[in-house]
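Let me begin by presenting the structure, written as structure tokens, before commenting on it.
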Amino acid sequence: PFTSGRVRVGGCDVTGPQTALGIVFQSPVLLEWRNVLDNVLVQLELRGMDPALYRERALKLLADVGLTGFTDRRPRELSGGMRQRVAIVRALIHDPPLLMMDEPFGALDALTREQMRIDLEKLWLAQRHTLIFITHGIAEAVALADRVVVMTPRPGRIEKVIPIDLPRPRDKAVVTSPRFTDYCDEITECFMR
């Protein structure tokens, strides 16, 4: 139970579990006995929706994240980054207005992590749904966010909200710019107090 304040989603107070969202965890949580396409479509089965109606959307989203030709592969045949892309597509398949991601790139190497950031930004630019992205990476937060919410250690409280005014897409010129560095420095300062 909360001690004060309120949480609103889509203009309504949250009073119980929410289903109009997609969630991507730190671990992809794929079903080993299902192939890539079936792992994406399981989201619809669990929601009582007809997966056949979403097959083309699933194939397009998989192509958007570079997984064309992998639809029949099992999770054990994929790299960590590929598995996480499947998890992202599964979270997006039903076109949720809210996507929540809990350190989804944490276990990935630096190159895969950056490619995933670029892919996620492209998906977001195409759909423009609300995305809540939890990360411990300051540069990753600045590269992805329109607004960075800096939290304190336990108990977690909002320390500062920093609007990020950088152009999109956040290509190399943006992420190497002095303004990008200034935002990273401002966030770092929150932890140096």
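The values are calculated or read from the model by the stated rules, or taken from the named source; none is laboratory data. The structure displayed is predicted, hence computed values, not measured ones. When we count neighbours, we look across all protein chains shown, and the Cβ atoms used for this are built from the backbone with ideal geometry, even at glycine. We work out accessible area using only protein heavy atoms, side chains counted, and drop any ligands, DNA or RNA first. Shrake-Rupley method; radii C 1.70, N 1.55, O 1.52, S 1.80 Å.
With each label modelled as a point 7 angstrom along the Cα→C-beta vector, the Ile132-Val161 pair spans 1.3 nm.
Please list the helices of the chain that count as membrane-span-like by this rule: a mean Kyte-Doolittle hydropathy of at least 0.0 together with Cα atoms stretching 15 Å or more along the helix axis, each helix being a complete DSSP H run.
On the way: long enough: 36-46 (16 Å, 1.25); 80-92 (18 Å, 0.34); 110-127 (26 Å, -0.38); 178-191 (20 Å, -0.55).
Helices meeting the criterion: 36-46, 80-92.
Counting only protein heavy atoms and a 1.4 Å probe, the stretch 24-137 has 52 square angstrom of accessible area per residue. Determine the distance separating the Cα centre of the stretch 88-120 from the Cα centre of the stretch 5-43; give it in Å without decimals. About 13 Å separates the Cα centre of the stretch 88-120 from the one of the stretch 5-43. Checking every one of the chymotrypsin sites (Phe, Trp or Tyr not before Pro) in the stretch 29-86 against DSSP loop status and a limit of 11 other Cβ atoms within 10 Å picks out Trp33.
Bridgeable lysines around Lys122 (alpha carbons under 18 Å apart, same-chain partners fewer than 8 residues away excluded): Lys60, Lys172. Only one residue of Trp124, Thr152, Gln84 has its Cα farthest out toward the positive end of the dipole of the stretch 60-170, where Lys and Arg carry +1 and Asp and Glu -1 on Cβ, and that residue is Gln84.
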